[in-house]
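None of the figures in this text is laboratory data; all of them are computed from the coordinates on show. No experiment lies behind these values; they were computed from the predicted model shown. Reconstructed Cβ throughout: ideal geometry from the backbone, glycine too, with neighbour counts over all protein chains shown.
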Amino acid sequence: MIGAVLAGGRSKRFGGNKLLYRIDGKPLILHTIERLESANEIDEVVIVASPENAEKLKTFGYQVLVDELLVGPIGGIFTTLYLGDSFVVAGDMPTLVPEFIDYIVREFKKSEKVTCVPRWSNGYIEPLHAAYSKDFQKVLEKQISYGEYKIRNAIEKVSARYLPIEMLPIEWRESFFNVNRKDDLEKLGILEPLV
């Protein structure tokens, strides 16, 4: 299973390229990648970048796919599926839980569904912490061609395996945490990150 890290955002709320922001001496995106690589079910990690981020991210030594569509996360997911089935996360998720990733990937393989997505009891889903089949790319392609860029809409069109989050270990929920603003770094216990 490919582990795909989406790195195409513009980081407007953060005020600068947050993925390259140094925390404990290394860029935020490397914290995410290291957690993803720690999952037993992930065979290879790739970065899906915007054209403007691609060259900088290649310096980390991972394969970088360029998302030329620039239509948000749906374009990044579409791009990674050229390589095959993928577990997709955002690059700003430094507290990923490898055991949770392994659980999702195993459930995805067992279910033989097109996607396996964690879902809260209120119906909210976590599409950037989910597994997708290469076959899902056709659905995305059609939706993108219509100018419809919400990944949730594409997921609702297929037979998905939903994982009820409230039924899973509570400590796994930290896996969903993402950094949007500098204030979010305080939640990580990092009051004075290295810049």
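The Cα atoms of the chain cover 45, 37, 30 Å along the three principal axes, with the biggest extent listed first. Net charge in the neighbourhood of ASP43 (other residues with Cβ under 13 Å of its Cβ; Lys, Arg +1, Asp, Glu -1) is -4. Diffusion coefficient of the range 1-104 by Stokes-Einstein, Kirkwood radius over Cα pairs, 20 °C, 1.002 mPa s: 158 µm²/s. In the range 75-170 the Cα-Cα distances spread across 10 Å bins starting at 0 as 16, 52, 29, 3 percent of all pairs.
Which peptide among 72-78, 138-144 comes first, and what is the full order, when sorted by highest mean count of other Cβ atoms within 10 Å?
Working: 72-78: 22.1, 138-144: 16.4.
Averaged packing, sorted descending, gives the order 72-78, 138-144.
What does the convex hull of the alpha-carbon atoms of the range 49-106 project to on average, in nm²? Kindly include the intermediate steps, with their values, before the conclusion.
Values: hull surface 18.6 nm².
Average of the hull's projected areas for the range 49-106 equals 4.6 nm².
Lysine pair count for the range 36-154 (Cα-Cα distance under 22 Å; residues 8 or more apart in sequence or on different chains): 12.
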